[in-house]
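J.: The structure under discussion is supplied below as C-alpha cells; questions concerning it will follow.
The values are calculated or read from the model by the stated rules, or taken from the named source; none is laboratory data. Nothing here was measured: the structure is a model prediction, and the numbers come from that model. So basically every Cβ, Gly included, is an ideal-geometry build from the backbone, and we count neighbours across all protein chains shown.
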Protein chains: 2
Amino acid sequence: MLELAILGLLQESPMHGYELRKELSAKLGAIRAAISYGSLYPTLRRLQAAGWITEAAETPATAEEIPALTSRRGRVVYKITAEGKERFADLIAQTGPESYEDTGFGVHFAFFARTDRATRLRILEGRRRKVEERREGLRDVLSRAAERLDAYTLELQRHGLDACEREVRWLEELIANERSGRTPDGSTPGTDPGPSRENIPPPPG
Amino acid sequence: MLELAILGLLQESPMHGYELRKELSAKLGAIRAAISYGSLYPTLRRLQAAGWITEAAETPATAEEIPALTSRRGRVVYKITAEGKERFADLIAQTGPESYEDTGFGVHFAFFARTDRATRLRILEGRRRKVEERREGLRDVLSRAAERLDAYTLELQRHGLDACEREVRWLEELIANERSGRTPDGSTPGTDPGPSRENIPPPPG
DNA sequence: GTGCGATGTATCGGGCCGATACATCGGGCC
DNA sequence: GGCCCGATGTATCGGCCCGATACATCGCAC
C-alpha cells in the first residue's frame with residue numbers, strides 16, 4: 001500500500017523523505033494518521049532497488065563551496081522513473097481483495113483522479129460488497145448473540161453498524177455519480193473545463 | 001492488543017484457538033474483521049511462556065480408548081491463570097497513547113464491563129481528544145490546502161471529517177452517561193438490578 | 001463412497017509501527 | 001554574543017500482526 005502511495009505522490013513532483021511523509025499525511029489524512037519512518041525509508045530503498053524510483057542527490061548551485069569535511073548529509077530527493085510510472089499504473093489497475101480493505105480502499109480512492117472509470121467502479125462496488133458483509137455480520141451479532149454480550153460491547157457494535165450503513169450510502173452515491181459521468185464535486189469533466197485549475201493531469205484512458 | 005483481548009476472553013471461559021478466534025470476531029467485529037492465526041497462535045505461545053495462561057489438553061472421559069498411534073492432535077484448550085488475571089487488570093488500568101488509537105480504543109472499550117469508571121472516563125476522554133485532533137487536521141486540509149487536491153481526495157477527506165464529527169458526538173454522549181452513572185443501555189447499575197441476566201461480573205473497584 | 005465445507009493447529013515471509021538516535025537550521029530570549 | 005528549542009531531516013531495530021499456505025479430522029449430502 002505504501003508503495004502505491006509513494007509512487008503516486010512522486011508522480012506529481014520529486015520529493016525527499018520528510019516531505020513525502022507530510023504530503024502522505026495530507027493526502028491520506030482521512031485514512032491513517034501519519035506514516036512511520038520505520039516504514040517509509042525501507043520502502044524507499046525497496047522501490048529504488050526495484051528501479052521504480054531514483055535518488056537525485058540535492059546539488060545546490062554553490063556545491064563547490066561545501067567541503068566534504070562537514071560530512072553534510074544533504075536531503076535525498078527521490079524521483080519516479082518510467083518503469084515506476086508503469087508499475088504505478090499496474091498497481092492501480094489490478095484490483096485485489098486488499099483494494100476493498102479499509103486502508104487499501106482509501107489509498108486507491110485517493111488516486112482515483114489517476115484511475116480510469118471502469119477500475120473506479122470495480123473498486124467502489126467491491127468495497128461496497130465488503131462493507132455490506134461487515135454490516136450483516138454486525139446485524140447478526142446484534143440480533144442473535146445480543147444476550148451473550150454486555151451493554152458496552154453492544155454499544156460498540158451499534159456504533160460500528162451505524163458507520164457501515166453510512167459508508168454504504170456514501171458508496172452508493174459515488175457509484176451513481178460514476179455511472180452518470182459526474183465527479184465528486186458535481187462537475188462533468190470534458191463538457192465544461194471552466195475556470196478550475198488542476199495540477200493533476202486527466203486519468204489515462 | 002491481542003494479548004489484552006485474549007486475556008479478557010479467557011476470563012469468561014477456557015477456550016481453544018479456533019473458538020477464541022470466533023469469539024474475538026463476535027466481540028470485536030466492529031473494530032477488525034477477524035484475527036489471523038498467524039497472530040493468534042504465536043501470541044498464545046507467548047502468553048503461555050509468560051505464565052498468563054496454561055494449556056489444559058482436552059482429555060475425554062474415554063481417554064484410555066484412544067491409542068497413541070493415530071497421533072490424534074486433540075484441541076488445545078487454554079485457561080487463564082491467577083497471574084493472567086492480574087496481568088489483564090494491569091493492562092486495563094494503564095492507559096497509554098495506544099489506548100486512544102482506533103484498534104486500541106476498540107479493544108479497551110469492548111472490555112469496559114470489566115473496567116472501573118475512572119479508567120473508562122480517562123479512555124473516553126483521551127479518545128475524544130485524539131479524534132478531535134484528527135478532525136482539526138482534516139478541517140485544516142479542507143480549508144487551507146483544498147486547491148492543491150483533486151475532487152476525489154477532497155471527497156475522501158470530507159467523508160473522514162464526517163466520521164470524526166460523528167464519533168466525537170458519540171463519545172460526548174458516552175462521557176455524559178458515565179458522569180451521571182448510567183451504562184450505555186440506559187440502566188443505572190446498583191439501584192435496580194431488575195430482570196437483566198448478566199454473564200459478566202461487575203467491574204472491580 | 002466420495003467429495004466438500006466446517007473445524008482445528010501451525011508456520012513463514014513480509015509490511016508496518018513505535019521508539020530511538022543523531023545531525024542541522026533558524027529564531028527567540030537573556 | 002551565546003544558548004536553547006522546535007522544526008527539519010535521515011536512519012535503524014525489535015516486535016506486532018497479516019495473508020498465504022499446509023495439513024488433518026469430522027459430519028453430511030449426494
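J.: So which residues in the stretch B:129-154 are in contact with a helix residue (DSSP H, G or I) (Cβ under 8 Å, 6 or more places away or on another chain), within 12 Å of A:G29 (Cα to Cα) and among the charged types (D, E, K, R), if there are any at all?
T.: Scanning the stretch B:129-154 gives B:R134, B:R135, B:R139.
J.: Take the residues of the stretch A:1-20 that are within 14 Å of chain B (Cβ to nearest Cβ) and within 12 Å of DNA strand D (Cβ to nearest atom): which is surrounded by the fewest Cβ atoms within 10 Å (Cβ to Cβ)?
T.: Out of the qualifying residues, it is A:E19.
J.: Quick one: is B:L124 at pLDDT 95 or above, more than 13 Å from DNA strand D (Cβ to nearest atom), assigned to a helix (DSSP H, G or I) and within 14 Å of chain A (Cβ to nearest Cβ)? Explain how you work it out, then say what you get.
T.: Values: at pLDDT 95 or above: yes; more than 13 Å from DNA strand D (Cβ to nearest atom): yes; assigned to a helix (DSSP H, G or I): yes; within 14 Å of chain A (Cβ to nearest Cβ): yes.
The answer is yes for B:L124.
J.: Which is at pLDDT 95 or above, more than 10 Å from every other protein chain (Cβ to nearest Cβ) and out of contact with any strand residue (DSSP E or B) (no Cβ under 9 Å at 6 or more places or on another chain), of A:G104, A:G96, A:G190? Steps first, please.
T.: Working: A:G96 fails: at pLDDT 95 or above; A:G190 fails: at pLDDT 95 or above.
Just one listed residue meets the conditions, A:G104.
J.: Against the definition (assigned to a helix (DSSP H, G or I), modelled with pLDDT of 90 or more, among the charged types (D, E, K, R) and surrounded by fewer than 13 Cβ atoms within 10 Å (Cβ to Cβ)), how does B:D162 come out, yes or no?
T.: Working: assigned to a helix (DSSP H, G or I): yes; modelled with pLDDT of 90 or more: yes; among the charged types (D, E, K, R): yes; surrounded by fewer than 13 Cβ atoms within 10 Å (Cβ to Cβ): no.
Judged against the criteria, B:D162 is not a match.
J.: Give the residues of the stretch A:22-46 that are within 11 Å of DNA strand C (Cβ to nearest atom), surrounded by 16 or more Cβ atoms within 10 Å (Cβ to Cβ) and among the basic types (K, R), sorted by residue number.
T.: Listed by number, the list holds a single entry, A:R32.
Yes or no, residue by residue, for (1) over 21 Å from A:R114 (Cβ atoms); (2) facing another protein chain (nearest Cβ under 10 Å):
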residue: B:T119; (1), (2): yes, no
residue: B:R128; (1), (2): yes, no
residue: B:R134; (1), (2): yes, yes
residue: B:D150; (1), (2): no, yes
residue: B:T153; (1), (2): no, yes
residue: B:Q157; (1), (2): no, yes
residue: B:D162; (1), (2): yes, yes
residue: B:V168; (1), (2): yes, no
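J.: Starting from the stretch B:19-41, keep only residues that are without any contact (Cβ under 8 Å) to a residue 12 or more places away in the chain, then list their pairs with residues that are crowded, with 16+ Cβ neighbours inside 10 Å and in a helix (DSSP H, G or I) whose Cβ atoms are within a distance under 6 Å, requiring at least 6 positions of separation or different chains.
T.: B:A26/A:V141; B:G29/A:G137; B:G29/A:L138; B:G29/A:V141
J.: Which residue pairs have Cβ atoms closer than 7 Å, lie 6 or more positions apart in sequence or on different chains, and pair a first residue in the stretch A:137-160 that is without any contact (Cβ under 8 Å) to a residue 12 or more places away in the chain with a second residue that is of a type in the set (V, I, T)?
T.: Qualifying pairs under 7 Å: A:D150/B:I200; A:A151/B:T183.
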